[in-house]
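Read-outs: derived from the displayed coordinates by stated rules, not from any lab. Being a predicted model, the structure only gives us computed values, none of them experimental. Cβ placement follows ideal geometry from the backbone for every residue including glycine, while neighbour counts extend to all protein chains displayed.
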Amino acid sequence: MTNVQPVPSSALINNDIVIFGLIAGTLGLVFWTASRPGGWQRFYNVVPPLLLCYLLPGIYNSVGLIDGAHSQLYNPIASRVLLPAALVLLTMAVDLKAILRLGPKLLLMYAATSASIVLGAALAFVSMRAIAPDTMAGDTWAGMATLAGSWIGGGANMMAMKEIFAVDATTFGRFAVVDVGVGYAWMAILLMLAQRAAKIDARSGADTGALDDLKQRVEAYRAQHERIPTLADLMIIVGIAFGVVGVAHALASPLSAWFGAHVAWAARVSLDAPFVWIVGLSTLVGLGLSFTRARALEGAGASTIGTLLLYFLIASIGMQMEIGSLLEKPLLLLLGVVWLGFHIVILWLVGRWLNVPLFYFAIGSQSHIGGPASAPVVASAFHPSLAPVGALLGTLGYATGTVLAYVTGLMLRALAGQ
């Protein structure tokens with residue numbers, strides 16, 4: 001960071017090192033207040049911390065305190081370094097073996113959730129284009145691809161789609177608001193449904209026998225892996241993350257150049273773009289490490305560090321937004337509701353067919369729409385010992401989110417005729 005030069009602009013602050021300090025201080029303030037009891041808790045029940053991490057840097061940019069468009073913090077620092085590092089750590093934490101032991105019906109519901117979001121994207125795009133063609137014009141399809149990244153995986157996948165499909169900061173910011181607004185409203189509904197789970201399951205005749213065994217396995221897994229991290233643990237975590245990023249950058253340019261020169265269809269699926277390879281290689285290596293002893297570093301906080309990097313990414317995206325422009329397409333919120341509605345209907349039909357408990361429906365949905373940050377909250381509303389199930393399924397989305405959101409983006413681009 002010490003070699004970053006001030007960028008000439010009309011903003012009050014144009015030195016990237018000072019801006020970095022401002023962003024770091026802002027994130028610290030948000031999380032400090034979010035951890036305080038009393039009135040702050042009531043405030044954050046209405047305004048999620050994630051939304052403030054987007055909006056406060058956007059306000060700084062909109063009032064002229066900083067100039068996000070000319071800052072180098074997002075590109076190359078955040079998007080090319082922090083994003084792939086976060087992907088490595090978040091996918092490295094995925095325990096695929098434990099997830100497979102959770103039972104076939106839960107995994108089928110998880111797969112059905114992913115499919116419902118991909119299919120729901122196409123249905124929502126076609127439906128809203130018939131209702132509000134102006135809202136769906138331009139790069140709305142690309143904004144939907146970023147939202148698919150968040151709703152299948154998480155924030156890192158969302159920002160990966162932003163780069164892959166070259167989504168401008170304004171469109172991204174609009175869909176970030178849709179993500180938080182629609183997603184948290186659905187989470188509130190699921191929390192209310194959790195209080196009535198026993199009655200709903202009894203009325204539907206769902207088989208709940210597997211849940212007791214599931215609770216015992218999850219509690220044993222959690223007790224086995226948690227520990228207080230040492231300095232060596234943290235150094236190894238950081239070394240793995242940024243070491244993989246370095247290797248990914250080293251391989252991305254020659255791979256993208258070779259595909260661009262020798263594969264006719266490479267440009268159509270962006271395989272001639274180095275960034276696609278950086279994201280793909282980081283995800284694949286992280287997933288590969290999840291099958292080795294490196295996954296044990298999750299107990300020392302690997303995914304926590306990955307999430308920390310992710311919030312700096314979120315803030316660096318937010319500092320490029322013009323807040324006023326978010327109101328130019330208010331029907332995007334309706335688009336999000338329609339999309340979520342298709343997802344709910346499809347997933348409910350699959351759940352009825354499989355005769356699963358409400359918990360399977362709720363955690364399948366929230367592990368996608370909310371991700372690993374909020375899925376444990378919904379899971380614990382059913383039973384405290386089930387919170388790690390939400391974390392496991394939520395982190396699995398980091399491994400699948402980039403690929404599925406990429407496919408969704410290609411499908412939406414074709415529907416948009418671009």
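Rounded to the nearest angstrom and listed largest first, the equivalent-ellipsoid semi-axes of region 224-347 from its Cα gyration tensor are 31, 26, 17. With the convex hull of its Cα atoms as the shape, region 58-138 has an orientation-averaged projected area of 9.3 nm².
Place a +1 charge on the Cβ of each Lys and Arg in region 26-149 and a -1 charge on the Cβ of each Asp and Glu, then give the dipole magnitude about the Cα centre in debye, rounded to the nearest 20.
500
Packing around the peptides 398-408, 16-26, taken as the average count of other Cβ atoms within 10 Å per residue, puts them in this order, highest first: 398-408, 16-26. Indicate the gyration tensor shape class of region 311-370 (rounded, prolate or oblate), computed on the Cα atoms with a ≥ b ≥ c the square roots of the eigenvalues: a/c under 1.5 is rounded; otherwise a/b larger than b/c is prolate and the rest oblate. Here region 311-370 falls in the oblate category.
Take every pair of alpha-carbon atoms less than 8 Å apart whose residues are at least six positions apart; their mean separation over the length of the chain yields a relative contact order of 34 percent. Counting Lys and Arg as +1 and Asp and Glu as -1 over every other residue whose Cβ lies under 12 Å from the Cβ of F165, the net charge comes to -1.
Please identify, among G390, G301, G155, the residue showing maximal mean-square fluctuation in a Gaussian network model of the chain using a 10 angstrom Cα cutoff. Answer for the Gaussian network model of the chain: G301. For the chain, the membrane-span-like helices by this rule, meaning whole DSSP H stretches whose C-alpha atoms cover at least 30 Å of axis and whose Kyte-Doolittle mean is 1.6 or above, are 332-354; this says nothing about an actual membrane.
The residue among L106, A156, A142 whose Cα reaches farthest toward the positive pole of the charge dipole of region 49-197, with charges on the beta-carbon of Lys, Arg, Asp and Glu, is L106. Computed over the chain, the per-residue total of -39500 (n - 2.57) for DSSP H runs of n ≥ 4 gives a 222 nm mean residue ellipticity of -23500 deg cm²/dmol, rounded to 500.
Using a simple charge model, +1 on the beta-carbon of Lys and Arg, -1 on the beta-carbon of Asp and Glu, nothing else, what dipole does the chain show about its Cα centre, in debye to the nearest 20?
With only Lys, Arg, Asp and Glu charged at Cβ, the dipole is about 840 debye.
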